[in-house]
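The structure appears below as structure tokens.
The values are calculated or read from the model by the stated rules, or taken from the named source; none is laboratory data. Since this is a predicted model, take the numbers as computed values, not measurements. Cβ sites come from the backbone with ideal geometry, for glycine too, and all protein chains shown count toward neighbours.
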């Protein structure tokens, strides 16, 4: 059999610690449209600044109704991604969102080339991604931070600690 299809692949050997993260923001209430549209330019300028370790940033439209958009990012390694999440502009965005989701829901799923997956879904009313088939549990206690969810040791606290968010950790 002869093919006319040009098949190609990628050699990831120079990216042994590659991290791929999918993120999404879904409008849950009318007020969420303003929240979502307010984030667009901020996210674009943040990615355009090319933070250290960000290899690629792609915008994704999951659905128009309900409005649900997101992105896929490729990071050189977990430390680069985590360093960015703990710096401006991400840290204040995340702290603000966790105080008030502004009529939206936010989620992310992170995949590590060396193995491991972690995810969190904040104010997401419908099953998306891993939620559609895996047991859903509260993101509290040992499931609060990304490191614990991924069964990895990142060496740093979450961007917002459980104590800051709820007052006391769940035991």
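Within region 114-146, track down each residue that is in a helix (DSSP H, G or I) and out of contact with any helix residue (DSSP H, G or I) (no Cβ under 9 Å at 6 or more places or on another chain).
First, the residues of region 114-146 that are in a helix (DSSP H, G or I): 129-132, 141-143, 146.
Answer for region 114-146, where residues must be in a helix (DSSP H, G or I) and out of contact with any helix residue (DSSP H, G or I) (no Cβ under 9 Å at 6 or more places or on another chain): 129, 130, 131, 132.
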Residue within region 100-123 that is under 24 Å from residue 30 (Cα atoms), in contact (Cβ under 8 Å) with a residue 24 or more places away in the chain and out of contact with any strand residue (DSSP E or B) (no Cβ under 7 Å at 6 or more places or on another chain) present: yes
Selection from region 84-99 of residues that are buried (at least 16 other Cβ atoms within 10 Å of the Cβ) and without any contact (Cβ under 8 Å) to a residue 60 or more places away in the chain: 84, 93, 97
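Just to be sure before I move on: is residue 111 surrounded by fewer than 17 Cβ atoms within 10 Å (Cβ to Cβ) and assigned to a strand (DSSP E or B) in the structure I sent?
Values: surrounded by fewer than 17 Cβ atoms within 10 Å (Cβ to Cβ): yes; assigned to a strand (DSSP E or B): yes.
Judged against the criteria, residue 111 is a match.
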Looking only at region 74-83, and only at residues there that are in contact (Cβ under 8 Å) with a residue 40 or more places away in the chain and over 17 Å from residue 12 (Cβ atoms), the one that is nearest to the chain's Cα centre (by Cα): 82
Breaking point among (1) surrounded by 14 or more Cβ atoms within 10 Å (Cβ to Cβ); (2) at pLDDT 95 or above, for residue 36: (2)
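If I filter region 64-73 down to residues being surrounded by fewer than 17 Cβ atoms within 10 Å (Cβ to Cβ) and in contact (Cβ under 8 Å) with a residue 12 or more places away in the chain, which single residue comes out as farthest from residue 37 (Cα to Cα)? Don't jump to the end; show me each part of the working.
Going residue by residue through region 64-73, those that are surrounded by fewer than 17 Cβ atoms within 10 Å (Cβ to Cβ) are 64-66, 72.
From what's left, in contact (Cβ under 8 Å) with a residue 12 or more places away in the chain: 66, 72.
Values: 66: 14, 72: 18 Å.
Result: 72.
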